[in-house]
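Peer 1: If you scroll down you'll find the structure; I have some questions about it.
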């Protein structure tokens, strides 16, 4: 397909996947949602789980939707009858504290709920009945959006895979299977945490290259990883794969993910079975889940493979004209304890774009389930570190500092080879496209605490 024809196909596909909820003419009576700088205009409407600060424990959590600088209580909307006319399953799911049952709904039910919330927040005639269900963001505590059943971390950026490979295997940085199969490992669901949760420096076994034997103690090479997470919708029965043509409908929404990594522990333990304790101590996710419906205008074609690169096998091949990638601008910021005490702002470590990934989430879903593995609502698939071609686009300190050999400079004369206690890492993401309202992901933030004695 020629480039012009491909662009026409993509534009036509965008129009087919968008509706009135994406219109740039749509404004909300929640004034903060109409700011050009907000991550959460009415065209976004991401879901999360929240609890009012100072509320009694018995009041529990509720599903919320971000709108400007406020959170809309979806559960109380259902209780007040403002979701009447939607399916009974939708109303039941709306009253729960996490999003798992909402992700189990059919796509048509999810689209209908989004349309209802959009109307309630845009129709000035609804303001009097809806406004009591709004809470200022500073008055709520954000919680994990899902009860995470399973977590799988992939390795889908070929730039990251090549950069890391060159550090350990200079003569053979990219292993031959990489271009044929989406590589991943099963992570630890119990240590997935919501943004704002502190991260304790892990203890572990590590061995210096010149040491005769390993030792046990605090991680000396703590790192972050800039990733995007995909929350699974629907379910496939055990033994029944999800074909690539249906994989896109299994994407409920996306969040930002920081897969904290203990590089010295990882280097000692990962052979021959891969990551274990170096990865299982903490994985931070942003609290808001930007839905597949909100992201429809920002879908794009996959990166073109080179002439020397194989085309994916049939079970991993998207249809012609498909838009399986997401155009998401990503950035990483750091703030040291000294910087915060001096009143300084965080500084950017790198910025890149998610559209250049070698493998799409659709391909990851098709491959993950190809052996009959059952993926369930609320399972989390992470992309792996997102990196570009240059140092200012790398998604981890391991790459930026070349395993600590080339430290970076911070304001005030500080340097970093890897993270130190007191460092705060923040991930941000935003989607932009001409003729479409820009939307954001909020942030995924965590501060490093010292290891336990």
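Peer 1: If I ask for residues that are crowded, with 22+ Cβ neighbours inside 10 Å and outside any strand (DSSP E or B), which ones from region 228-247 would you list?
Peer 2: Across region 228-247, the qualifying residues are 233, 242, 244, 247.
Peer 1: Let me ask you something else. Residue 366: more than 21 Å from residue 256 (Cβ to Cβ), crowded, with 19+ Cβ neighbours inside 10 Å and in contact (Cβ under 8 Å) with a residue 24 or more places away in the chain, yes or no?
Peer 2: When the stated conditions are applied, residue 366 passes them.
Peer 1: Look at residue 182 and say whether it is in a loop (DSSP other than H, G, I, E, B), surrounded by 20 or more Cβ atoms within 10 Å (Cβ to Cβ), out of contact with any helix residue (DSSP H, G or I) (no Cβ under 7 Å at 6 or more places or on another chain) and at pLDDT 95 or above.
Peer 2: In short, no.
Peer 1: Also: Scan region 264-278 and report the pairs whose first residue is within 11 Å of residue 186 (Cβ to Cβ) and whose second residue is assigned to a helix (DSSP H, G or I) and modelled with pLDDT of 90 or more, with Cβ atoms within less than 7 Å and a gap of 6+ or a chain change.
Peer 2: Taking only residues 6 or more apart or on different chains, the pairs are 275/266; 276/269.
Peer 1: Could you check how many residues of region 115-142 are under 18 Å from residue 292 (Cα atoms) and either without any contact (Cβ under 8 Å) to a residue 60 or more places away in the chain or surrounded by 17 or more Cβ atoms within 10 Å (Cβ to Cβ) (or both)?
Peer 2: 3
Yes/no per residue for (1) without any contact (Cβ under 8 Å) to a residue 40 or more places away in the chain; (2) buried (at least 19 other Cβ atoms within 10 Å of the Cβ); (3) not in a loop (DSSP other than H, G, I, E, B):
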| site | (1), (2), (3) |
| --- | --- |
| 28 | no, yes, no |
| 33 | no, yes, yes |
| 41 | no, yes, no |
| 49 | no, yes, yes |
| 55 | yes, no, no |
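Peer 1: Let me ask another. I need the full set of residues from region 156-172 which are in contact (Cβ under 8 Å) with a residue 12 or more places away in the chain and assigned to a loop (DSSP other than H, G, I, E, B), in order please.
Peer 2: 156, 157
Peer 1: Which one of these does residue 337 not meet: (1) surrounded by fewer than 17 Cβ atoms within 10 Å (Cβ to Cβ); (2) in contact with a helix residue (DSSP H, G or I) (Cβ under 7 Å, 6 or more places away or on another chain); (3) touching a residue at least 12 places away in the same chain (Cβ under 8 Å)?
Peer 2: It is condition (2) that residue 337 fails.
Peer 1: Of all residues in region 384-437, which are assigned to a strand (DSSP E or B), touching a strand residue (DSSP E or B) at 6+ places or on another chain (Cβ under 7 Å) and in contact (Cβ under 8 Å) with a residue 40 or more places away in the chain?
Peer 2: Within region 384-437, 408, 416, 419, 424, 425, 426, 427, 428, 429, 430, 431, 432 qualify.
Peer 1: Do we find that residue 112 is in a helix (DSSP H, G or I), buried (at least 21 other Cβ atoms within 10 Å of the Cβ) and touching a strand residue (DSSP E or B) at 6+ places or on another chain (Cβ under 9 Å) in this structure?
Peer 2: No: the conditions fail for residue 112.
Peer 1: Which one of the conditions (1) buried (at least 21 other Cβ atoms within 10 Å of the Cβ); (2) touching a residue at least 40 places away in the same chain (Cβ under 8 Å) does residue 93 fail to meet, given that it meets all the rest?
Peer 2: Going through the list (1) buried (at least 21 other Cβ atoms within 10 Å of the Cβ); (2) touching a residue at least 40 places away in the same chain (Cβ under 8 Å), residue 93 breaks only (2).
Peer 1: Return the residues of region 248-271 that are buried (at least 24 other Cβ atoms within 10 Å of the Cβ) and in a loop (DSSP other than H, G, I, E, B); say none if nothing qualifies.
Peer 2: Those that are buried (at least 24 other Cβ atoms within 10 Å of the Cβ) and in a loop (DSSP other than H, G, I, E, B): 259, 260.
The values are calculated or read from the model by the stated rules, or taken from the named source; none is laboratory data. For clarity, every value in this text was computed on a predicted model and none was experimentally measured. Cβ atoms come from the backbone with ideal geometry, glycine included; neighbour counts cover every protein chain shown.
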